[in-house]
Amino acid sequence: MTRQSLGPFALLLALFPLACGGSAPAPATRSAATPAAEAPLPAIDGNAVLQHIKVLASDEYQGRFPGTKGEDLSVAYIQQQFQDLGLAPGNTDGTYIQHVPLVGITPDPSASLVFRKGSHVDRLKFKDDFVASTRRVKPTVSLDNSSLVFVGYGVQAPEYHWDDYKGMDVKGKTLVMLVGDPPVPDPNDPAKLDPKMFGGPAMTYYGRWTYKYEIGAKLGAAGVIIVHETGPAGYPFSVLQSSTGEAFTLETPDGNMNRAAIESWITRDQAVKLFKMAGKDFDALKAAAVKPDFKPVPLGVTASITLHNTIRRIQSRNVIAKLEGSDPALKDEYVIYTAHWDHLGIGPAVNGDDIYNGAVDNASGVAGLIELARAFKQLPTPPKRSILFMAVTAEEQGLLGSEYYATHPIYPLAKTLADINMDAMNVWGKTKDLTIVGLGNSQLDDYARRAAAAQGRVLRPDPTPEKGFYYRSDHFNFAKVGVPALDPDSGVDYVGKPDGYGTKVHDDYIAHDYHQPSDQVKPDWDMSGEAQDLELLMRVGYDVAQASSYPQWTPGTEFAAIRAAQLKAAGISR
Ligand SMILES: [Zn+2]
């Protein structure tokens, strides 16, 4: 899971049964037709999963940071496992490797951000008052008295008839934006959010900080400043303060010049001061920003900053293996399983331990990927379509390995039926349920619901959709390019455990181990839970690979239009 997320386990705080007791809609559509009597699939050995985790999360692997010895060991281990299983190289160049060029940019923390209005000057301190970085691969980037414009939530969402820019030309300006998506009140019940606008309480991609920087860049802004507020952001400013070091990014041929020069956050307090300097009231303008008739507000204040950057290029790697499909007519169509192999490497010591082993996050997912591959390889006949097993890099750096594959696909995306992502698996025993983040997004849910039912289990939705977890792991990069993507997560209703057990073990993990050196293999782990989840996910991938038609996005979801155009362009209508 990328930084700045409390992780899906917080998902588990409040759940309501969605599909138990036969209320789940049967897979109505043709594409999710129930295949003939389902042949049982091989069982998955939880202990074999654990052995991989023990290796990948060992101190020897140094927390698996991209571009380090930890990467070399991880990539070699995963590749060797795939080779030992007899899986084919996943890259069409005959290797198991897709090289992923990354560039690391470290901003000089001595920079200050200066707001100026006439003779009134306000100098903000790096880390205390603001954080800033750039994706431009330049030793120096700057804003020089760039005019500040408050653009509310900074959203352009034609499907909601929403445009915070109202045609204003913001080229070269610096945009001040609110985090989150516009919390439009329900006209029938103003105490609630309008379910028809921006997903109501759920966060849409418009609410993600990544969207804010992307739209600013798209409109030619010189800088983007997001106002940090703990509630809407979902994490305290300290999370931003702790990630002001080296940040990796992918690099375009022009060195990411298509990005805004400066991407930054300021604290709420500094925003209130800034608006005061402009003769405005922050809270009043924030209230105006939830209305569709909001117009951008020039603040009459300029921003200046010079960032000196240290730049480092590394070649990282995605590791890919393939099980070729058995049906000549369908073997050039694909189902992908992903799991990121990277983690945080060696960092600030905690209780004398500076290796961030990443046992749950995400050695558990990579171990699951390898044992899934073993189970598929044990099938008497491979599925009709081909299966790709993809261990991606640099997820913790911003989902970069999966972004690189999605923008440099080895196999046609139009012929890629699904991505099933595994990030931080359940190591605490069997559950009666499984959480699907983004439940309702696509027909992959129908496959998952049926596979769960075959195990006597039910699906549950993400209990904290306002946190936007669907946008925080590798499946999202597949969704962004139209491929239906499933983001399964651990259930909470543990077999043979008292109520609340699930929430407790997950909260403990988040509170004590998530992104900490202590995320290590624990003696009380029970791998039957991960094995159970992997068997469910195998069934999903297998059934999609056998199906007579493509799983579709739910009409109206943010990815459906991309897919429809993609399939049409490829002449695919199944
Ligand atoms: Zn992760």
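Of the residues VAL350, VAL544, VAL179, the one whose Cα sits farthest toward the positive end of the charge dipole of the chain, with +1 on the Cβ of Lys and Arg and -1 on the Cβ of Asp and Glu, is VAL179.
Can you give me the Kirkwood hydrodynamic radius for the chain, using every pair of distinct Cα atoms, in Å to one decimal? Kirkwood radius, the chain: 24.5 Å. Straight-line reach from LYS69: taking Cα to Cα under 14 Å and skipping same-chain neighbours fewer than 8 places apart, the aspartates and glutamates in range are ASP59, GLU60, ASP342.
On full extension of the chain, what length is gained from ASP128 through MET257, given 0.36 nm per residue of separation minus the C-alpha to C-alpha distance?
Once the chain is fully extended between ASP128 and MET257, it gains 43.6 nm.
The accessible surface of the chain, taken with every protein chain in place and a 1.4 Å probe, is 55 percent carbon and sulfur. Only lysines eight or more places from LYS568 in sequence, or on another chain, were considered; those with a Cα closer than 16 Å are LYS415.
Largest first, what is the accessible-area ranking of THR407, THR92, THR416, THR267 with a 1.4 Å probe? It would help to have the intermediate numbers written out before the result.
On the way: THR407 80, THR92 105, THR416 0, THR267 25 Å².
Heavy-atom accessible area, descending, gives THR92, THR407, THR267, THR416.
As I understand it, the value is the acute angle between the Cα axis of helix 268-277 and the longest principal axis of the Cα atoms of the chain; what does it come to in degrees, rounded to 10? Computed tilt is about 30 degrees. A protection proxy built from the mean count of other Cβ atoms within 10 Å ranks the segments 472-478, 496-502, most packed first, as 472-478, 496-502. By the rule of a C-alpha distance below 12 Å, with chain neighbours fewer than 8 residues away ignored, the aspartates and glutamates paired with LYS467 are ASP181. The figure for THR210 is an accessible area of roughly 30 square angstrom, using a 1.4 Å probe on the protein chains alone. Given a 1.4 Å probe and the protein chains as shown, GLU466 ends up with an accessible area of around 80 Å².
In what order, largest first, do LEU50, LEU344 sit by accessible area if the probe radius is 1.4 Å?
Solvent-accessible surface, decreasing: LEU344, LEU50.
Pull up the DSSP beta bridges for region 105-311 and report the antiparallel fraction as a percent, rounded to 5. Of those bridges, close to 65 percent are antiparallel. Against the chain, whose longest principal axis is taken from its Cα atoms, helix 364-377 shows a tilt of about 30°. Expressed in Å, the radius of gyration and Dmax of the Cα atoms of region 219-377 are 23.1, 69.
Largest accessible area first, the listed residues LYS331, LYS212 line up as LYS331, LYS212 when surface is computed with a 1.4 Å probe on the assembled protein chains. Most simply put, the chain has about 60% antiparallel DSSP beta bridges, counting only bridges with both residues inside it.
The values are calculated or read from the model by the stated rules, or taken from the named source; none is laboratory data. Since the structure is predicted, the reported quantities are computational estimates derived from the model, not experimental observations. Every residue, glycine among them, receives a Cβ derived from its backbone with ideal geometry; neighbour counts consider all protein chains shown. The accessibility values were calculated without ligands, DNA or RNA, using every heavy atom of the protein model including side chains. Shrake-Rupley method; radii C 1.70, N 1.55, O 1.52, S 1.80 Å.
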